[in-house]
């Protein structure tokens, strides 16, 4: 196939060329006129499964022929069967062992990191170990680093790496994946040095960025018929620029640096690289030159002034380039989706290349409106798939106290009770949710949950069985103890199986079904198999571990994707071809991605030890960009703003724009503006797609229901609502709507009022029985018991008890005065009264917190307030609760009290500071209050009177219970009400 030569055979293909197609074309060209079996002797080694599949597809297009042997770099066992490497150790086992070491370290130095980062630190350290093995760096090399000018952080890291040194020694007998790969390549290289194969061996598509790969490429280059084919080689780069790439600390981020280092390792120069297939020319050689010049290393960008004016035809070079500058990521995704849809309609092959997985998901979602499912190379992260979410929710049962939201999240999950009787399970779940929202159950416990379900559907045996299953399988698993990993894995799988199977324990459930279920089963099976190598963990640590393992998995889409619409990562872009290439999310920090923080070694130490620099990732990303941006038709897209801040353009986009902006005579400015204009056209298309016809805002409602539908009975506290927000009365009584509790319940003001009323009532009753109980300690004991019973939130209990302790002395002193002048005759449960207004056909209901009677037989009414009591003006016009209750007492509405004169009505404010505030009985005597009340009720029994929303709000920030129903926000308080007669 190749003529004998003394120097390594290294070929390249320029950026923009369809690499697999050109590779096949060049291969077939070299075998023209040779017997059919000659091609079958070729060993073709590629770096991705997708490229291998693409090569086979190209060969399958015909004519019929014997094919070369296509192998993956990661699968070299059959390349030299005589090279035998010991069986490897699973990567998970190594990470579990490292977790044990890190856990011990964190116990000694808890300030190093939180325990929630156990797996992340183990994974990071395992990655460092893999890199050391891949680059041939020993622990001694790390230990010998000069750290005289480093911080104390390195001392801790060095101690830990010293602990791991013995661990790394063990990998020689039981190597992991990276060590086995390097050992295999070393064995293959040694074998080939003595017995070189005589058939062609070609490595195609690799950049040689890793040490192990570099070893293999060097070994292949020395074979009699060995060759390397490099992707995206820059033939436009001058020799002096190649020579300037010698310092990795400066040039590591250049797209061609890896090729420079490769040729240096082969004792050759980049000028010796030949074109693999001469007919394979880039779509636009002029664009290749422009991009090459824009990417020059920073120290030699002065070449722009010299070589820039030599560029010409920039308008023609960029006529197939579009620059899309979207305002938001959503606008960017929608414009990309529109262009992909156009490509699908025109029969073009189109690929979105981006490292931003969120952009890929947005584009996939946008394409779904046209029933286009792109072929996404990344698939779906396993932890976001239904089985992944389900397993994470189940793991949380062991580490977090179960609340109502978590309970219903699991019950509503499609994999819960996914065997027989799923429909009945959904019915029970709906009834359970309504009961929780009506009656409240912040933290479900088994007994309380069963009672709630029985209250929801009395005497339903199926519901009882279901409730018992939920209680047994989901409740009571919170555990803060440290236990063996095997315990957590077994319990986790047991709970997951029980929840998926349902009360009948039917194992024909859906948890492990389909591709996502099978992948989740594989991950959990591997964890179960290796759990004995793990250390003791808490339930929280185990949940973090499971979440990390699931997030590392991925699931390919189960449906058949569109053949011509692809979403690729940057790795696929190196060796794939498409008619249209869209480079998405070209913002700094996304592409190129910001180097991840290294908790072990800084940049200088990495370079001194011979490890990879952080800029390596940037350089590889730059190489991916250079290849993709030279495609036949290319889009460059970015969003000007992210979700929370303004973004910075990718450095390569900035360089390209700056270079073209400095070449106005060559048409650079005109070409750049034309690129932007083409992008603006598609952004306009996206805006037009989402344009909606303006709809008139809803008016401020003032419904006028028929008299039969108007309320004929209100409570005393609802009179305030009738004055301030009549619409709420209409919604509650005419429409008979009731607000439901939120699932995520909180210790709110109504609950605080219930607690305070209960504490004060129990305390005063105990003092009546035994006056010696009138002391601070007794009051706080009652408060503690009441809070424990009614408030399930520990923080709220502590805060509210502290507030009661702050006002305890004041309340006891005031209570001595109250008890000295009167005796309590009725509390909340007994102080219930009704007042009939027969001339209106209306009933007024009232409940007093406390009613006392003095020696003269006069009545004193008290009402507890957790905040500031209403002022005199507020009581006169709006908060008429005590004034109306006084009028009801004088009318004999309270049977327990009878008809009596009210001498005092007082709000007891238990806020900060505490205060007593009397109702203005002299200014608003009961007879006047009652007459005004009749007038108010009569007004709302008039057919012409509407129930206006937010009629007299005290503050603009007032949050009405039915504001959403009134569509408040589409109108404001300055808008006139619009009466509407209802039938």
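Worth pointing out:
- Subset of the range 39-57 that is crowded, with 16+ Cβ neighbours inside 10 Å and free of Cβ contacts under 8 Å to residues at least 60 places away in the same chain - its residue that is farthest from residue 351 (Cα to Cα): 39
- Condition broken by residue 267, with the remaining ones in (1) out of contact with any strand residue (DSSP E or B) (no Cβ under 8 Å at 6 or more places or on another chain); (2) in a helix (DSSP H, G or I); (3) closer than 21 Å to residue 219 by Cα satisfied: (2)
- Filtering the range 659-681 to residues that are under 17 Å from residue 340 (Cβ atoms) and surrounded by 20 or more Cβ atoms within 10 Å (Cβ to Cβ) leaves only 679.
Residue-by-condition table, conditions (1) surrounded by fewer than 23 Cβ atoms within 10 Å (Cβ to Cβ); (2) assigned to a helix (DSSP H, G or I); (3) assigned by TED's automatic domain parsing to the domain that holds residue 630:
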| position | (1), (2), (3) |
| --- | --- |
| 277 | yes, no, no |
| 290 | no, yes, no |
| 322 | no, no, yes |
| 325 | yes, no, yes |
| 361 | yes, yes, yes |
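Conditions tested, residue by residue: (1) within 29 Å of residue 515 (Cβ to Cβ); (2) in contact with a helix residue (DSSP H, G or I) (Cβ under 8 Å, 6 or more places away or on another chain).
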position	(1), (2)
389	yes, yes
395	yes, yes
403	no, no
417	yes, yes
430	no, no
433	no, yes
439	no, yes
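- Any hit, the range 757-773, residues being under 30 Å from residue 402 (Cα atoms), crowded, with 16+ Cβ neighbours inside 10 Å and in contact with a strand residue (DSSP E or B) (Cβ under 7 Å, 6 or more places away or on another chain): yes
- All of 33, 127 fail the test of being assigned by TED's automatic domain parsing to the domain that holds residue 214 and either surrounded by fewer than 17 Cβ atoms within 10 Å (Cβ to Cβ) or more than 37 Å from the chain's Cα centre (by Cα) (or both), apart from 33.
- Taking the range 774-790 as the range and being surrounded by 14 or more Cβ atoms within 10 Å (Cβ to Cβ), in a helix (DSSP H, G or I) and either within 43 Å of the chain's Cα centre (by Cα) or touching a residue at least 24 places away in the same chain (Cβ under 8 Å) (or both) as the test, the residues that pass are 779, 780, 783, 784, 786, 787, 790.
- Scan of the range 438-451 for residues that are surrounded by fewer than 19 Cβ atoms within 10 Å (Cβ to Cβ) and either outside any helix (DSSP H, G or I) or modelled with pLDDT of 90 or more (or both), ordered by number: 440, 443, 445, 446, 447, 448, 450, 451
- Residue 852 vs. criteria part of a loop (DSSP other than H, G, I, E, B), in contact with a strand residue (DSSP E or B) (Cβ under 9 Å, 6 or more places away or on another chain) and closer than 20 Å to residue 882 by Cα: no
- Matching option when the condition is buried (at least 20 other Cβ atoms within 10 Å of the Cβ) and either under 30 Å from residue 625 (Cβ atoms) or assigned by TED's automatic domain parsing to the domain that holds residue 187 (or both), among 72, 76, 23, 66: 23
Conditions (1) touching a strand residue (DSSP E or B) at 6+ places or on another chain (Cβ under 9 Å); (2) under 28 Å from residue 670 (Cβ atoms), marked per residue:
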site: 309; (1), (2): no, yes
site: 314; (1), (2): no, yes
site: 335; (1), (2): yes, yes
site: 338; (1), (2): no, yes
site: 356; (1), (2): yes, no
site: 360; (1), (2): yes, no
site: 364; (1), (2): yes, no
site: 371; (1), (2): no, no
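- Residue in the range 164-176 that is buried (at least 16 other Cβ atoms within 10 Å of the Cβ) and modelled with pLDDT of 80 or more present: no
- Exclusive hit being surrounded by 12 or more Cβ atoms within 10 Å (Cβ to Cβ), touching a helix residue (DSSP H, G or I) at 6+ places or on another chain (Cβ under 6 Å) and at pLDDT below 95, set 880, 876: 880
- Filtered by the rule that a residue be farther than 30 Å from residue 244 by Cα and either free of Cβ contacts under 8 Å to residues at least 40 places away in the same chain or surrounded by 18 or more Cβ atoms within 10 Å (Cβ to Cβ) (or both), the range 299-318 gives a lone residue, 316.
- Unmet criterion (only one of (1) within 29 Å of residue 211 (Cα to Cα); (2) at pLDDT 85 or above; (3) touching a strand residue (DSSP E or B) at 6+ places or on another chain (Cβ under 9 Å)) for residue 40: (1)
- Pairs with Cβ under 6 Å, 6+ apart, first in the range 493-505 and on the phi < 0 side of the Ramachandran plot, second part of a helix (DSSP H, G or I) and surrounded by fewer than 18 Cβ atoms within 10 Å (Cβ to Cβ): 503/465
- Residue in the range 802-822 that is out of contact with any helix residue (DSSP H, G or I) (no Cβ under 8 Å at 6 or more places or on another chain), buried (at least 16 other Cβ atoms within 10 Å of the Cβ), assigned to a strand (DSSP E or B) and in the same structural domain as residue 930 (by TED's automatic domain parsing) present: yes
The values are calculated or read from the model by the stated rules, or taken from the named source; none is laboratory data. This is a predicted model, so every value here is computed, not measured. Backbone-built Cβ (ideal geometry, glycine too); neighbour counts: all protein chains shown.
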